[in-house]
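Nothing in this text is a laboratory measurement; each read-out follows from the coordinates by a stated rule. Just so we're clear, the structure is a prediction, and the values are computed from it rather than from any experiment. Don't worry about glycine lacking a Cβ; one is built from the backbone with ideal geometry, like all the others, and counts go over all protein chains shown.
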Amino acid sequence: MHGMSSGVPMFIYTKDNVQWFNENEDTIEEYLSDWYHDNFGEDNYIHAMTEGKPELASIDALKQHMVWAYVELKSWDILNDLGIDV
């Protein structure tokens, strides 16, 4: 209910998120690309995610942000599929 930044086991430390991203890169990138296209008509989802966010200038920060976005959106999808209003 409070999002990834509030701390979710296994997704707290940057090094863990970067490793998880590296192991699941294709799945994460495909999902986020499709999500940004479907919801915003945006074809350059990385630009959309980073625009105006200098804190995402490093590759590790970007990977962490992408992991958090992916997990939050997938969680919302699952809850929505189960009929749970969030």
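In the set Glu23, Glu72, which member is out of contact with any Gly (no Cβ under 8 Å at 6 or more places or on another chain) and not small (Gly, Ala, Ser)? Walk me through it before giving the result.
Working: Glu72 fails: out of contact with any Gly (no Cβ under 8 Å at 6 or more places or on another chain).
Just one listed residue meets the conditions, Glu23.
Picking from Glu30, Glu42, which residue would you name as being surrounded by 10 or more Cβ atoms within 10 Å (Cβ to Cβ), out of contact with any helix residue (DSSP H, G or I) (no Cβ under 9 Å at 6 or more places or on another chain) and not basic (Lys, Arg)?
Just one listed residue meets the conditions, Glu30.
If you scan the stretch 55-86, which residues turn out to be more than 17 Å from Phe11 (Cα to Cα) and either of a type outside the set (A, V, I, L, M) or touching a strand residue (DSSP E or B) at 6+ places or on another chain (Cβ under 6 Å) (or both)?
Those that are more than 17 Å from Phe11 (Cα to Cα) and either of a type outside the set (A, V, I, L, M) or touching a strand residue (DSSP E or B) at 6+ places or on another chain (Cβ under 6 Å) (or both): Glu55, Ser58, Asp77, Asn80, Asp81, Gly83, Asp85.
Hey, could you check the stretch 62-83 for residues that are of a type in the set (D, E, K, R) and either in contact with a helix residue (DSSP H, G or I) (Cβ under 7 Å, 6 or more places away or on another chain) or surrounded by 11 or more Cβ atoms within 10 Å (Cβ to Cβ) (or both) and say which is nearest to Thr27 (Cα to Cα)? Before you say what the answer is, go through the steps one by one.
Of the stretch 62-83, the ones of a type in the set (D, E, K, R) are 63, 72, 74, 77, 81.
This time we only want the ones that are either in contact with a helix residue (DSSP H, G or I) (Cβ under 7 Å, 6 or more places away or on another chain) or surrounded by 11 or more Cβ atoms within 10 Å (Cβ to Cβ) (or both), so: 63, 72, 74, 77.
Values: Lys63: 13, Glu72: 14, Lys74: 11, Asp77: 15 Å.
For the stretch 62-83, the residue satisfying everything is Lys74.
Spot the failing condition for Asn22; the list is (1) in contact (Cβ under 8 Å) with a residue 12 or more places away in the chain; (2) surrounded by 12 or more Cβ atoms within 10 Å (Cβ to Cβ), and only one is missed.
(2)
Exposed (fewer than 11 other Cβ atoms within 10 Å of the Cβ), closer than 13 Å to Asn17 by Cβ and either without any contact (Cβ under 8 Å) to a residue 12 or more places away in the chain or of a type outside the set (D, E, K, R) (or both): is that true of Ile59 in this structure? Don't jump to the end; show me each part of the working.
Details: exposed (fewer than 11 other Cβ atoms within 10 Å of the Cβ): yes; closer than 13 Å to Asn17 by Cβ: yes; either without any contact (Cβ under 8 Å) to a residue 12 or more places away in the chain or of a type outside the set (D, E, K, R) (or both): yes.
It is true that Ile59 is exposed (fewer than 11 other Cβ atoms within 10 Å of the Cβ), closer than 13 Å to Asn17 by Cβ and either without any contact (Cβ under 8 Å) to a residue 12 or more places away in the chain or of a type outside the set (D, E, K, R) (or both).
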